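Comments concern the structure below.
The values are calculated or read from the model by the stated rules, or taken from the named source; none is laboratory data. All of these numbers come straight from a predicted model, not from anything done at the bench. Heads up, the Cβs are rebuilt from the backbone with ideal geometry, glycines too, and the neighbour counts pull from every protein chain shown. The area values use the complete protein model at the heavy-atom level, side chains included, leaving out ligands, DNA and RNA. Shrake-Rupley method; radii C 1.70, N 1.55, O 1.52, S 1.80 Å.
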Amino acid sequence: MRREDFDILKEKVYGRELVYLDNAATTQKPREVIDAMVYAYTHFNSNIHRGVHHLSQIATLNHEEARQKVAKYINAKSADEIVFTKGTTDSLNMLAFSAGELLVKEGDEIIVSTVEHHSNIVPWQMMCERKGAKLRVIPMCEDGSPDMEAYVKLLNERTKLVSVAHVSNVLGTVNPVEEIVRRAHERGVLVAIDAAQSAAHKKVDVQELDCDFMAFSAHKMYGPTGLGVLYGKREWLEKLPPAEGGGEMIEHVSFEKTTYNTLPYKFEAGTPDFIGSYVFGKALDYIESAGREEVEKHERELTEYAEQRLREVEGVKIYAAGMRKAGVISFNIEGVHPYDVGVLLDRQGVAVRTGHHCAEPLITRLGVSGTVRVSFALYNEKEDIDKLIEALQRAKQILKG
Ligand code: C6P
């Protein structure tokens, strides 16, 4: 699917054709997205919201048009609910700080799940430490799904917020976020969704999910690095205090008192990445033009095919095997360190990620030191998986003699 739009896929690695299966870490960028960055710097680079001059006005319009595109992409009610950040990590840190200031007091509780990325654990832990609150964890069932009975029991009058991944970056499993939100809302508890691994691969509709907050990164969505989004329902963004102070987020400043700007600018202190937002808008256009349902279907077929082919390799253990997944599979070869597998695959041109994938508690829960992870994007083909399996067989031969 549209492989020809990605020049980097023609690169050779150690003289071999590149097979790029590390899309959960970051996706490659199509030519029109790369061209958009050159276009922006060539034609309208100028700081936004400040200048009366022509270029500044164009830059401002483009930035705000990108915000509209993001709102449409996740079906937010309004573009005011879209805050541009530096990425998922930044979004979650901002949220943890602001929500902590507004909602959390000593003895309160925040819930996360076992499969979380460190970005959806550590900011909450830091906030809990500051506030004397407690982090509670939804246990994981053997199949990689959250233990929903245990989750419901964890919700209580001290719970202030639940923050969970839509899709696990290690297992690829799709968490039942609709039910997680519904159960939390029954108790008046807010829910944030870490959509870093779902936003480019699945339908994400914030109104349908009814989540209160959502975070994701542009670079995992065929867009630029250093840009992300924090979505929040208007009623909550209005109540939350800003996490950072500076230019642009203010209405009036005096040494006695500062008043804050309207949404979403209250949360965007300093010069935003207006080039990045424009380029991200082009990346979203690109995904839309590929067809979001088609992309999801294509990646589902790839995932099923990859699990089926991996099962043919003797000694391979797939984690959360057979579960509903969104383009990510973790596995190990019996008796072999995942790092060794990764290095030998790389030597054959196959790029995968190995290790704890910034989700150490989950890796500990799996009882391993790490996994080998393959992850797909819209440009991957079954042929990539065939090459992976071939390279894996060869790696096994080398390692096991
Ligand atoms: N996961 C991976 O290889 P940033 O780094 O801010 O763009 O995204 C952080 C993040 C948050 N949540 C989830 C579920 C993620 O997968 C990630 C990033 C990459 O799995 C890099 S560690």
Practice item. Check LYS77, LYS86, LYS69 and return the single one that is under 15 Å from the mean Cα position of the chain (by Cα) and either open to solvent by 30 Å² or more (accessible area, probe 1.4 Å) or more than 28 Å from ALA326 (Cβ to Cβ) (or both). Key: LYS86
Practice item. Those residues that are assigned to a loop (DSSP other than H, G, I, E, B) and open to solvent by 30 Å² or more (accessible area, probe 1.4 Å), I need them from the stretch 222-242; list them, please. Key: THR225, GLY226, LYS233, PRO241
Check your understanding: Of LYS134, LYS153, LYS105, which residue is in contact with a Cys (Cβ under 7 Å, 6 or more places away or on another chain), without any contact (Cβ under 8 Å) to a residue 60 or more places away in the chain and open to solvent by 30 Å² or more (accessible area, probe 1.4 Å)?
Key -> LYS134
Practice item. Considering each of PHE44, PHE84, PHE97 in turn, give the residue that is in contact with a strand residue (DSSP E or B) (Cβ under 9 Å, 6 or more places away or on another chain) and modelled with pLDDT of 95 or more. Key: PHE84
Review point. What is the residue count in the stretch 196-221 for residues that are part of a helix (DSSP H, G or I), more than 10 Å from the ligand (Cβ to nearest atom) and either in contact (Cβ under 8 Å) with a residue 40 or more places away in the chain or open to solvent by 20 Å² or more (accessible area, probe 1.4 Å) (or both)?
Key: 3
Check your understanding: Looking at the stretch 171-192, which of the residues that are more than 16 Å from the ligand (Cβ to nearest atom), out of contact with any helix residue (DSSP H, G or I) (no Cβ under 8 Å at 6 or more places or on another chain) and not in a helix (DSSP H, G or I) is most open to solvent (accessible area, probe 1.4 Å)?
Key -> ARG187
**Study point:** Members of the stretch 293-316 that are over 20 Å from GLN397 (Cα atoms), in contact with a strand residue (DSSP E or B) (Cβ under 9 Å, 6 or more places away or on another chain) and open to solvent by 100 Å² or more (accessible area, probe 1.4 Å)
**Key:** ARG300, GLU304
**Study point:** Flag if ASN120 is at pLDDT 95 or above, within 16 Å of the ligand (Cβ to nearest atom) and either touching a Phe, Trp or Tyr at 6+ places or on another chain (Cβ under 6 Å) or open to solvent by 10 Å² or more (accessible area, probe 1.4 Å) (or both)
**Key:** no
**Study point:** Residues within the stretch 156-170 that are away from the ligand (no atom under 11 Å from the Cβ), open to solvent by less than 20 Å² (accessible area, probe 1.4 Å) and either free of Cβ contacts under 8 Å to residues at least 60 places away in the same chain or within 25 Å of VAL372 (Cα to Cα) (or both), tallied
**Key:** 2
